[in-house]
Amino acid sequence: MLFPNQGECLYSLQRNIIPDFIITDTSMMGMPDLQFLKSIKADHPAITVIFFSENEDVSHISALLDAGATDYILRVGDKQNWIHELISNLQYLIKEEIRFQ
């Protein structure tokens with residue numbers, strides 16, 4: 001599923017349309033990313049959430065990871081680097097899901 005914004009994603013979750021994981025680009029967010037994460041985790045703690053961001057603030061990244069984010073990929077430098085990081089994360093998640101089925 002692809003959602004144009006966080007509101008649509010949260011609405012989908014309220015309707016019990018539950019994805020295995022959510023990948024979100026923080027530059028597209030209409031609400032603070034920590035608030036978005038807490039909204040997801042409040043009712044669906046098992047959903048994997050991966051953030052993309054240009055924000056390199058270690059305390060902010062730490063707060064997201066402490067609140068339940070699975071990963072935080074910095075969108076810096078060459079686009080190929082963070083795309084490769086995303087692909088690696090997805091391959092790992094798929095392997096883990098297959099392993100636990």
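The values are calculated or read from the model by the stated rules, or taken from the named source; none is laboratory data. This is a predicted model, so every value here is computed, not measured. Positions of Cβ are backbone-derived with ideal geometry, glycine not excepted, and every protein chain shown enters the neighbour counts. Surface areas here come from the heavy atoms of the whole protein model, side chains and all, with no ligands, DNA or RNA. Shrake-Rupley method; radii C 1.70, N 1.55, O 1.52, S 1.80 Å.
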Hey, among the residues in the range 1-11 that are under 13 Å from the mean Cα position of the chain (by Cα) and closer than 22 Å to I87 by Cβ, which one's surrounded by the most Cβ atoms within 10 Å (Cβ to Cβ)? C9
For Q14: the one exception among (1) loosely packed, with under 12 Cβ neighbours inside 10 Å; (2) at pLDDT below 90: (2)
Working only within the range 17-46, note down all residues that are open to solvent by 80 Å² or more (accessible area, probe 1.4 Å) and either of a type in the set (A, V, I, L, M, F, W, C) or at pLDDT 90 or above (or both). M28, Q35, K38, D43, P45, A46
Per-region count, the range 61-88, residues surrounded by 14 or more Cβ atoms within 10 Å (Cβ to Cβ) and either touching a Cys at 6+ places or on another chain (Cβ under 7 Å) or over 20 Å from H44 (Cα atoms) (or both): 7
Among V49, V58, which is closer than 23 Å to I83 by Cα, at pLDDT 90 or above, open to solvent by 60 Å² or more (accessible area, probe 1.4 Å) and not acidic (D, E)? V58
